[in-house]
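For reference, the structure is listed below as structure tokens.
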Amino acid sequence: MLRGFYTATSGMMAQQRRQEVLSNNITNAQTPGYKQDQTSLRAFPELLIQRMENRQLPTTQNRSMPTMTEIGAINTGVYVQETIPDFVQGSLRETGVSTDLALVQGGNTG
């Protein structure tokens with residue numbers, strides 16, 4: 001049961017981090033030169049769940065031997081691996097200030 005709480009908590013923390021990045025993007029949308037961030041979510045490694053059981057061996061002494069039966073895989077949550085800036089060329093606008101300049105992607109001059 002605790003594993004379920006930890007899995008749910010990791011999902012909530014990852015969504016909280018994504019929400020923070022989105023809020024930062026919205027806040028700085030009108031800031032000149034700001035590049036929005038995108039989050040990259042990754043899952044924790046999968047765990048293989050196995051069941052331990054004892055099986056009777058067909059011998060005269062009826063010995064038991066522990067065996068492992070695979071039940072399946074379970075994922076234990078997700079986390080924000082990194083935030084990646086989006087380096088797409090933004091729109092240009094004239095400021096009227098002679099010392100302002102713009103870096104243009106692609107080398108097109110016009």
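Limited to the range 1-56, what total is found for residues that are among the small types (Gly, Ala, Ser) and under 30 Å from Met68 (Cα atoms)?
Number satisfying all stated conditions: 4.
Only one residue in Ser23, Ser10 is in contact with a Gly (Cβ under 7 Å, 6 or more places away or on another chain), at pLDDT 85 or above and not in a strand (DSSP E or B). Which one?
Result of the check over Ser23, Ser10: Ser10.
Of the conditions (1) part of a loop (DSSP other than H, G, I, E, B); (2) over 30 Å from Arg93 (Cα atoms), Gln30 fails just one. Which one is it?
(2)
Keeping to the range 1-54, report how many residues are over 15 Å from the mean Cα position of the chain (by Cα) and under 30 Å from Ala102 (Cβ atoms).
Going through the range 1-54 one residue at a time, the tally reaches 14.
Going through the range 19-49 one residue at a time, which ones are surrounded by fewer than 13 Cβ atoms within 10 Å (Cβ to Cβ) and hydroxyl-bearing (Ser, Thr, Tyr)?
Answer for the range 19-49, where residues must be surrounded by fewer than 13 Cβ atoms within 10 Å (Cβ to Cβ) and hydroxyl-bearing (Ser, Thr, Tyr): Ser23, Thr27, Thr31, Ser40.
Mind checking which pairs have a first residue in the range 27-54 that is more than 25 Å from Val78 (Cβ to Cβ) and modelled with pLDDT of 85 or more and a second that is surrounded by 12 or more Cβ atoms within 10 Å (Cβ to Cβ) and of a type in the set (Phe, Trp, Tyr), Cβ under 9 Å, 6 or more apart or different chains?
Asn28/Tyr34
Would you please name the residue that is farthest from Ile49 (Cα to Cα), looking only at residues in the range 62-104 that are assigned to a strand (DSSP E or B), free of Cβ contacts under 8 Å to residues at least 24 places away in the same chain and of a type outside the set (A, V, I, L, M)?
Checking each candidate, the answer is Ser64.
The values are calculated or read from the model by the stated rules, or taken from the named source; none is laboratory data. Computed from a predicted structure; not experimentally measured. All Cβ positions, even for glycine, are placed from backbone atoms using ideal geometry, and neighbour counts span all protein chains on display.
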